[in-house]
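The values are calculated or read from the model by the stated rules, or taken from the named source; none is laboratory data. Computed from a prediction, not measured in an experiment: that's the story for all the values here. Don't worry about glycine lacking a Cβ; one is built from the backbone with ideal geometry, like all the others, and counts go over all protein chains shown. All accessible areas refer to the heavy atoms of the entire protein, side chains included, with ligands and DNA or RNA removed. Shrake-Rupley method; radii C 1.70, N 1.55, O 1.52, S 1.80 Å.
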Amino acid sequence: MKGRWTLHCRYARCIDTLGTPLFILSDIRTAIIRHAVATQPNEGCGLLGDDGDSDTITRHVIVPSADPSPVRFTMEPYAQLNAHHQIEQHGGRWRAIWHSHPTSAAYPSPTDRAQSLNWAGIVAIIVSLAQPEPVIRAFSIIGGREVVEHPLRWVQHPLP
Ligand SMILES: [Zn+2]
């Protein structure tokens, strides 16, 4: 029952905050782009969370791919578990998952929409390297279909 309640709570939280700005430490932006570039031509990925005291995303853990590919990402299971542990220790909350699109736009692909059913209530952040300058956008994907964008706000310090 506890697990069901948690899932419901996360989903409700997502609905409450649909389309609202997502605040992320600017250092994390740098780290995401660096890893996305390093894993080209394949997709890179990682998990993001807050510290439990603020809604600002302050925690980032890169997760290696179990099956490197230019068109999809598959997180290595043990590394993914470890990333969850790193984010959620000391009260942090898992908030977002990011991956890169080496040659396509920063928008959820049909594969991304289908995969999002595995992480309801978690924001999908996509970094595109298709242009000379990286583009990062964030989305809630509802029921594997509807896409709602969250404006990203890069900040130097966590907001209260
Ligand atoms: Zn994708």
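Structure summary
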| quantity | calculated |
| --- | --- |
| Fraction of accessible area attributable to carbon and sulfur, region 2-155 (%, probe 1.4 Å) | 54 |
| Surrounding net charge for residue 42, when Lys and Arg each add one and Asp and Glu each subtract one, Cβ distance under 11 Å | -1 |
| Whether region 90-160 is rounded, prolate or oblate, judged on the alpha carbon gyration tensor where a/c under 1.5 counts as rounded | oblate |
| Separation of the residue 38 and residue 78 label points, Cα + 7 Å toward Cβ, nm | 2.0 |
| Distance in nm between pseudo-label sites at residue 67 and residue 88 (7 Å out along the Cβ direction from Cα) | 2.5 |
| Sequence-separation-based contact order of the chain, relative, with Cα cut under 8 Å and 6+ spacing, percent | 28 |
| C-alpha long axis of helix 2-16 to longest principal axis of the chain, angle in ° | 70 |
| Gain upon complete extension [residue 153, residue 117; 0.36 nm per residue less C-alpha separation] | 10.4 nm |
| Low-density loop cleavage sites - trypsin sites (Lys or Arg not before Pro) in region 22-128, where at most 16 other Cβ are within 10 Å (DSSP) | 72 |
